[in-house]
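Please read the structure below before turning to the comments.
The values are calculated or read from the model by the stated rules, or taken from the named source; none is laboratory data. Because the structure is predicted, anything quoted here is derived from the model rather than measured. As a convention, Cβ positions derive from the backbone with ideal geometry for all residues, glycine included, and neighbour counts pool all protein chains shown.
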Amino acid sequence: MSIMITSRELRQKYLEFFASKDHKILPSASLIPENDPTVLFTTAGMHPLVPYLLGEKHPEGKRLTNIQKCIRTQDIDEVGDARHDTFFEMMGNWSLGDYFKKEAIEWSWEFLTSPKYLGLDASKLAVSVFVGEDENGIPRDEEAADIWKSLGMAEEKIVYLPRKNNWWGPAGQTGPCGPDTEMFFWKGESEFPPVGSNPGTDEDNWLEIWNDVFMQYNKSEDGQYKPLVQKNVDTGMGLERTLVTLNGFIDVFQIDTFWPLIQKIEELSGREYIENSEVTKSMRIIADHLRTATMIMGDDKQIAPSNVDRGYIVRRLVRRAIRHGRLLGIHENFCDKIAVEVIEIFKDVYSELERNQEFVMLELAKEESKFRNTIEQGMKEFEKLLNGFRIAFEKTGKNVTEISGKQAFKLFESYGFPLEMTLEMAQENSLTVDVNNFEESYKIHQGLSRAGAEQKFKGGLADHGEMSVKYHTATHLLHATLRQVLGSHVEQRGSNITAERLRFDFSHPEKMSDDQKKQVEDLINYAIQQNYKVSFAEMTVDEAKNKGAIGLFEDKYENKVKVYSVGEPDVMPSATINSQTFSKEICGGPHVEHTNIMGKFKILKEEAVSSGIRRIKAVLQ
Ligand code: SER
C-alpha cells in the first residue's frame, strides 16, 4: 500500500474536511464525564454530546466535528494482541437536527475516496445497512442503501445486517439511538475483494472503519422506541484503525501514537519487540496501559491511582504494566519514563497533558515505588501458593486448582495485587480464583465495593430525570457557595449525580468545620428560597472567563460555550451577566428553570478523597 499517513495528518484532514462542510470544530471533552453516574469514562465521541442529541441547543450550532479522547476497558484482558487497545481517539461529525442520511453518507464517501483526502480505492470498500425490525416498527434501511447505490456502490457490496451489527446506542439503558451504516475496507490476501464478497459473507476480510449512526429514536425506560424530536447524525471513525488501514499495517502498535512507546520499552528492557510472542504481548500491555493511565491522570480532572472507581482503573493499569515490565526484566521505576513519551506524542493535540505533567509524574512515581515495595514479596507469596498446591497434589493425589478468596485477598491487602492481576497470574498457571469469596472479604474490610467500579464501567449514559436535573443545579450552587465560604482556591475535581444524591469533589487542603458546613447549607437554602431564575447565555470561553464564570475551561478561547447563571436579575439581557449573580458556570445543562422547586439542601458527609481533595455528599429533601 502506497499511502503513508501520520496521526497528525489524519486528524487535520478530517477536521479540515468537515470544516469545509460548515462544521464547527470542537475540542475533545474531558475523559471524565460530567454529572453522569453510570459510567466512569467517556466511551464514545457522542457521549459528551448527549444533552445536545436530546435537544439542548449547542452554542456552536448544528454542525459539529471533533476528535474525542475515549476509554473502553471492557476488553482490557484482550490487550496484548495486534488490535485491542483501551484508549482511543474517535473522529466524528455531528448533525443536531440539521442534515441527515443523504449528506452524511455522501460526505463519508467523499472523504474516504477523494484523492484530496484519504484517496481509498472505491473497489475495496463495502457497506452495511440496518435490516429492519418489524417487532419494534423499525423499517429496513432502503433509504441509506439507495444513497449508497446512487454513489456507485455495487449492490452486492451492500449488506443488510441486524441490530447486533447495524444499530447503535443507547450507550446505557435509555437514550438516543438508531440504525447505522458502516463502511468496511478490504484487508484480504488478494489485492481486490472477489466478486460477491461483502462484510456479511466474509466478515474476517473486511475491516470496519467508519460508522454513520442515524439517531432518530429515544429508547425510554419501558423499552419503547420513540422518535426523537430532532433527528441527528453521529458518526465515528476510529483514528487508530484508520491509521492501520491507511498505512497497510497489521498491528495497531505500529502506528505513531504507539510505536515510540514500544521503542522506549525495548530500550529500557534491552529486549526486542519481535523476540517472541510473550515479549511482544508484554510490551503491548505496557504500552497500552501506561498510555491510557497517562491520559486519565493527565486529564484536567487529575485522577490519581486509588482503590475506588476511576482511581482503581488507573491502579490496575499501572500495576499490570509494572508486572509485565518485571517479566521483561525491568526492575527499576520506569512508568514515568513511558509517561513522558506519551505526553510528548499527544501534547500538541491535548494541551492539558502538559498542564498536568507534574501531577502525572509525581503520582506515577509514588504509585510505582509503593507497589515495588511489595511486589517481590507478593510474588514470593504467590509462588508459595503454587508450591503448596504441588505438594498437596503429590501427597494426596488431589489436584487443587482454585486460589481461595482469602488467599487472593491477602495478595491484595498485604501486597497490593489488584484482584485482576491475581486472576491473570492464576490463569497463566491454569488455576482459578474464588472471586465471590474475595468480594466478601473485601467488603468486610473496606465497606466500599471494588465491584462498584466495574459495574459502573459497564453502564451507560445518564438520563435526564427530574431529580438529576435538580441535583445538577444544586451542584452549581454548591460550587459557588464553597468558593464564597472557603475561598476561591476551591475548584471542581469531580461531580457525580444520581436520582438520590449529589457527590462533589473539590480542591481544599483541610477538613471543613461544622460551622463552615452549616454556612454552606444556609447559603444554598437561601438561594433556593429566593426562587432565583436559572438561565444561560452563549459566549466565547474568553468572554466567559472575563465575566468571572467558573467551571472547566477545556475548550479553546475562541470556542463558544454556554454559561449558566443562577440568580441573574430578570431585567438584564441574557448576554450580560453581572457580578451579583449567585452562580455563573460553564456547563452544557440541563438545569431547573427556577430554584424554589429544589427542596431543602443538606450535606450528609464531608470527607477526604486524596490529599488536597475533599468530597461532599448531599441530598435535596
Ligand atoms: N457512536 C458511534 C460509535 O461510537 C458513532 O460515533 O461508533
message: Given the criterion more than 30 Å from Lys101 (Cα to Cα) and either buried (at least 20 other Cβ atoms within 10 Å of the Cβ) or touching a residue at least 60 places away in the same chain (Cβ under 8 Å) (or both), identify the matching residue among Gln254, Gln263, Gln230, Gln302.
response: Gln302
message: Being within 16 Å of the ligand (Cβ to nearest atom) and touching a strand residue (DSSP E or B) at 6+ places or on another chain (Cβ under 9 Å) is the requirement here; does Glu133 meet it?
response: no
message: Being β-branched (Val, Ile, Thr) and touching a Ser or Thr at 6+ places or on another chain (Cβ under 9 Å) is the filter here; which residues of region 75-118 pass it?
response: Ile76, Val79, Thr86, Ile105
task: Starting from region 149-172, keep only residues that are within 30 Å of Thr42 (Cβ to Cβ), then list their pairs with residues that are assigned to a helix (DSSP H, G or I) whose Cβ atoms are within a distance under 7 Å, requiring at least 6 positions of separation or different chains.
output: Ala171/His47
query: When you go through Ser150, Ser197 one by one, which is the residue that is in contact with a Gly (Cβ under 9 Å, 6 or more places away or on another chain) and away from the ligand (no atom under 16 Å from the Cβ)?
result: Ser197
task: Please state which of the following conditions Val229 fails to meet, knowing it meets all the rest: (1) at pLDDT below 95; (2) of a type in the set (A, V, I, L, M); (3) in contact with a helix residue (DSSP H, G or I) (Cβ under 9 Å, 6 or more places away or on another chain).
output: (3)
field: Which numbered condition Lys517 fails, given (1) at pLDDT 90 or above; (2) in contact with a helix residue (DSSP H, G or I) (Cβ under 6 Å, 6 or more places away or on another chain)
entry: (2)
query: Here is a list of conditions, (1) more than 12 Å from the ligand (Cβ to nearest atom); (2) part of a strand (DSSP E or B); (3) not hydrophobic (A, V, I, L, M, F, W, C), and Thr181 meets all of them except one; can you say which number that is?
result: (1)
query: Do any residues in region 200-218 that are among the acidic types (Asp, Glu) have Cβ atoms under 6 Å from those of residues that are part of a helix (DSSP H, G or I), where the two are at least six apart or on different chains, and which pairs are they?
result: Asp212/Ala104; Asp212/Ser108
query: Looking at (1) within 14 Å of the ligand (Cβ to nearest atom); (2) touching a Cys at 6+ places or on another chain (Cβ under 7 Å); (3) more than 24 Å from Gly61 (Cα to Cα), which is the only condition Gly169 fails?
result: (3)
- prompt: Regarding Gly236, is this residue within 16 Å of the ligand (Cβ to nearest atom), crowded, with 19+ Cβ neighbours inside 10 Å and either over 30 Å from Phe346 (Cα atoms) or aliphatic (A, V, I, L, M) (or both)?
  reply: no
message: Would you confirm, using the coordinates I've provided, whether Trp210 is of a type outside the set (A, V, I, L, M), modelled with pLDDT of 90 or more, within 14 Å of the ligand (Cβ to nearest atom) and surrounded by 21 or more Cβ atoms within 10 Å (Cβ to Cβ)?
response: yes
task: Of all residues in region 385-433, count the ones that are charged (D, E, K, R) and either buried (at least 17 other Cβ atoms within 10 Å of the Cβ) or under 29 Å from the mean Cα position of the chain (by Cα) (or both).
output: 4
- prompt: What are the residues in region 307-350 that are over 17 Å from Asn373 (Cβ atoms) and part of a loop (DSSP other than H, G, I, E, B), if any?
  reply: Val308, Leu328, Gly329, Lys347, Asp348, Val349, Tyr350
field: Residue match in region 290-299 (condition: part of a loop (DSSP other than H, G, I, E, B), farther than 17 Å from Phe334 by Cβ and touching a Ser or Thr at 6+ places or on another chain (Cβ under 8 Å))
entry: yes
field: Condition met for Val349 (more than 19 Å from Ile313 (Cα to Cα), of a type outside the set (Phe, Trp, Tyr) and touching a strand residue (DSSP E or B) at 6+ places or on another chain (Cβ under 9 Å))
entry: yes
query: Residues of region 1-32 being assigned to a loop (DSSP other than H, G, I, E, B), in contact with a helix residue (DSSP H, G or I) (Cβ under 9 Å, 6 or more places away or on another chain) and among the small types (Gly, Ala, Ser), which ones?
result: Ser28, Ala29, Ser30
message: Go through (1) within 16 Å of the ligand (Cβ to nearest atom); (2) on the phi > 0 side of the Ramachandran plot; (3) surrounded by fewer than 19 Cβ atoms within 10 Å (Cβ to Cβ) for Gly223 and report which single condition fails.
response: (1)
- request: Could you identify the single residue in Asp81, Asp146, Asp85 that is among the acidic types (Asp, Glu), in contact with a helix residue (DSSP H, G or I) (Cβ under 6 Å, 6 or more places away or on another chain) and either surrounded by fewer than 23 Cβ atoms within 10 Å (Cβ to Cβ) or more than 21 Å from Cys177 (Cβ to Cβ) (or both)?
  value: Asp85
